[in-house]
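Engineer: Just passing along the structure, written as structure tokens.
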Amino acid sequence: MAAAGDLLSRVHDRLAAEAVAGVTTMALDRIAEELIRAEGAVPAFKGYPGPPGSIDFPGTITSSLNEQVVHAIPGPQRLDEGDVISLDCGLHLDGWVADSARTIAIGEVDDEKRRLIDATHESLLAGIAAARPGNCVGDIGNAVQTVVEDAGFSVVRSLVGHGVGRDMHEPPQVPNFGAPGTGPGLEPGTVIAIEPMVNAGGADVVMAPDGWTVSAADGRPSAHFEHTVAVTADGPRVLTGSHRDPA
Ligand code: MG
Ligand code: MG
């Protein structure tokens, strides 16, 4: 899983360098797919079954712009100065899955977007710090929620993190909210994807007609950071690299 995570970290580093004004989300998707396949890995999102009546996911990444929270399909839209884009990617390498997301600022963004990115990233770090033996899933959610709400933002509640291993989505669910000391216990060997999805405005989200794209109901910006994290006897081990300072 560490090898899968290391590759995914490098994919994200490349995407962060390529995500500039004028680039299409489809171009970013192609870069990610080529890099993943060149290393003998397989994109995990491509072909992921959609809800009834919608297409299977066609991309290697999800590319969610501004008020889009998660799961937006890459396409011909171009990044603009002042956008925030949340890039999520997963891959299979030698039978193991890694899953990670980052939100990137395109050029100069307004103060609210900057604070949103910083608070979301900080909430992920707080969640990771709580991922240690003896703690529970609720300790992670509480740590994330506390950072987010102290910053004046809202945790999305209808989407959650998850266990990860041979499959991308395994038990337990890992909500970004909760009470300390509640939920499943964390044992050494547990691997989870911790992934705060944070709205600048209210927590409510809406689904687009494509069956995939989830957006903030009030149209205000949203951000998303995610790491695949192993719970070890020594504490949390981040398998998908360490973020640099948010872009
Ligand atoms: Mg993800
Ligand atoms: Mg995930």
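Bear in mind that the values in this text are calculations on the coordinates, not laboratory data. Since we're looking at a predicted model, the values are computed, not measured. Quick reminder, even Gly has a Cβ in these numbers, built from the backbone with ideal geometry, and neighbours come from all protein chains shown.
Engineer: When Lys and Arg each count +1 and Asp and Glu each count -1, what net charge do the other residues less than 14 Å away from residue 39, Cβ to Cβ, add up to?
Structural biologist: Values: positive: 10, 14, 37; negative: 6, 13, 33, 34, 94.
Net of charged neighbours comes to -2.
Engineer: Same structure, new question: Full extension from residue 146 to residue 207: what is 0.36 nm times the residue separation minus their Cα-Cα distance, to one decimal in nm?
Structural biologist: Numbers: separation 61, 0.36 × 61 = 21.96 nm, distance 2.64 nm.
Contour length minus the Cα-Cα distance gives 19.3 nm.
Engineer: Let me ask something else. Could you tell me whether region 158-211 comes out rounded, prolate or oblate from its Cα gyration tensor? Rule is a ≥ b ≥ c as square roots of the eigenvalues, rounded for a/c under 1.5, then prolate if a/b exceeds b/c, otherwise oblate.
Structural biologist: Numbers: a/c = 2.99, a/b = 1.49, b/c = 2.01.
Oblate, because a/c is 1.5 or more while a/b does not exceed b/c.
Engineer: Rounded, prolate or oblate: pick one for region 93-195, where a ≥ b ≥ c are the square roots of the eigenvalues of its C-alpha gyration tensor, a/c under 1.5 means rounded, and failing that, prolate if a/b is larger than b/c, else oblate. It would help to have the intermediate numbers written out before the result.
Structural biologist: Values: a/c = 2.44, a/b = 1.38, b/c = 1.77.
In terms of gyration-tensor shape, oblate.
Engineer: Then there is this: Applying a 10 Å radius around every beta-carbon, put 38-44, 203-209 in order of their mean neighbour count, most first. The partial results should precede the final answer.
Structural biologist: Numbers: 38-44: 16.3, 203-209: 14.4.
Ranked by mean Cβ neighbours within 10 Å, highest first: 38-44, 203-209.
Engineer: Treating the beta-carbon of each Lys and Arg as +1 and of each Asp and Glu as -1, no other charges, what is the dipole magnitude of region 64-203 about its Cα centre, to the nearest 20 debye? Walk me through the intermediate numbers first.
Structural biologist: Details: 8 positive and 20 negative charges, 64 e Å.
About 300 debye.
Engineer: A follow-up question, please. Got a sec? Charge dipole of the chain, +1 on Cβ for Lys and Arg, -1 for Asp and Glu; which of 25, 212, 169 is way out at the positive end?
Structural biologist: It is 169, whose Cα lies furthest towards the positive end.
Engineer: For region 2-238, compute Rg over Rh where Rg is the Cα radius of gyration and Rh is the Kirkwood radius from the inverse mean 1/r over Cα pairs. All intermediate terms of the calculation are to be shown ahead of the outcome.
Structural biologist: Working: Rg = 16.6 Å, Rh = 17.6 Å.
The Rg/Rh ratio comes out at 0.94.
Engineer: Could you compute the FRET efficiency for residue 182 and residue 129, with r as their C-beta to C-beta distance and R0 at 30 Å, rounded to 0.05? Numbers along the way, then the final one.
Structural biologist: Details: r = 18 Å, r/R0 = 0.59.
Working from the Cβ atoms, E equals 0.95.
Engineer: Another question, then. Calculate, in nm to one decimal, what residue 77 and residue 17 gain on full extension: separation in residues at 0.36 nm each, minus their alpha carbon distance. Walk me through the numbers on the way to the answer.
Structural biologist: Values: separation 60, 0.36 × 60 = 21.60 nm, distance 1.80 nm.
Extra length available between residue 77 and residue 17 comes to 19.8 nm.
Engineer: Any chance you could tell me what percent of the C-alpha pair distances in region 1-108 go past 18 Å? Could you put the intermediate results ahead of the total?
Structural biologist: Details: 2570 of 5778 pairs.
Value for region 1-108: 44 percent of Cα pairs lie more than 18 Å apart.
Engineer: What ranking do 89, 136 get, fewest neighbouring Cβ atoms within 10 angstrom at the top?
Structural biologist: 136, 89
Engineer: Want the number for residue 24 to residue 173: 0.36 nm per residue separation, take away the alpha-carbon distance, what's left?
Structural biologist: Details: separation 149, 0.36 × 149 = 53.64 nm, distance 3.28 nm.
Stretched out fully, the residue 24 to residue 173 stretch lengthens by 50.4 nm.
Engineer: Under unit Cβ charges (Lys, Arg +1; Asp, Glu -1), what dipole magnitude, rounded to 20 debye, does the chain have relative to its Cα centre? Before the final figure, lay out each step's value.
Structural biologist: Details: 16 positive and 34 negative charges, 72 e Å.
That gives the chain a dipole magnitude of about 340 debye.
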